Amino acid sequence: MTLTIWVDDWQVQCCGQSFAPGDVVSWTLLEVDPEDYADVVGSERADEIDFREEHHGHGEGHAPTSVEVVSIAEVHCRYEVPPGATDRVNHPVAGTTVLVPVEEADGWAKGRPDVGFAGYLVTARRATDEPGGAAARSR
């Protein structure tokens, strides 16, 4: 069984470690509200997100989970201030998502026209502790 995990760009940029398919990582996984990601990745894909990765104190009381990374997609979307907004804060624009499969995630992404890098959608499976298995390749 695979899991879909959202990883914010800033989480990796700040103090996360790069990761690639085949790596076993130990992440604090928090459940998500798909609505929080609908504008960034689209409603259908947002419904597939099981968890988000967190390592900045919001996951207190949650034990880290070891997962093996299966695949990684960069998520890019357009940001703009919504019409009529008074706070001048950019928000994701629904329907502008661009997914780019990558072989490594380091928190930084090559610029793409008209969209900004938001984070990663990671497909993973719970790691096993079998000798020579995925856990032996941990980063």
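The mean of 1/r over all distinct Cα pairs in the chain, once inverted, gives the Kirkwood hydrodynamic radius of 15.7 Å. If R0 equals 30 Å, the separation of the Cβ atoms of His62 and Val100 corresponds to a calculated FRET efficiency of about 0.55.
How many percent of the accessible area of the chain is carbon or sulfur, using a 1.4 Å probe? Can you show the working numbers first?
Details: 3690 of 7930 Å².
Taking all protein chains in place, the chain shows 47 percent carbon and sulfur surface.
Once both labels are positioned 7 Å from their Cα atoms along Cα-to-Cβ, the gap between Thr86 and Gln17 label points is 4.8 nm. Between Thr128, Thr97, Thr28, the GNM of the chain built on Cα springs shorter than 10 angstrom shows Thr128 fluctuating the most.
Surface exposure of the chain, expressed per residue as accessible area with a 1.4 Å probe, stands at 57 Å².
The values are calculated or read from the model by the stated rules, or taken from the named source; none is laboratory data. Because the structure is a prediction, the values reported are computed rather than measured. Virtual Cβ from ideal backbone geometry, glycine too; neighbours counted across all protein chains shown. When the accessible area is computed, the model is the full protein with side chains, heavy atoms only, and any ligands, DNA or RNA have been set aside. Shrake-Rupley method; radii C 1.70, N 1.55, O 1.52, S 1.80 Å.
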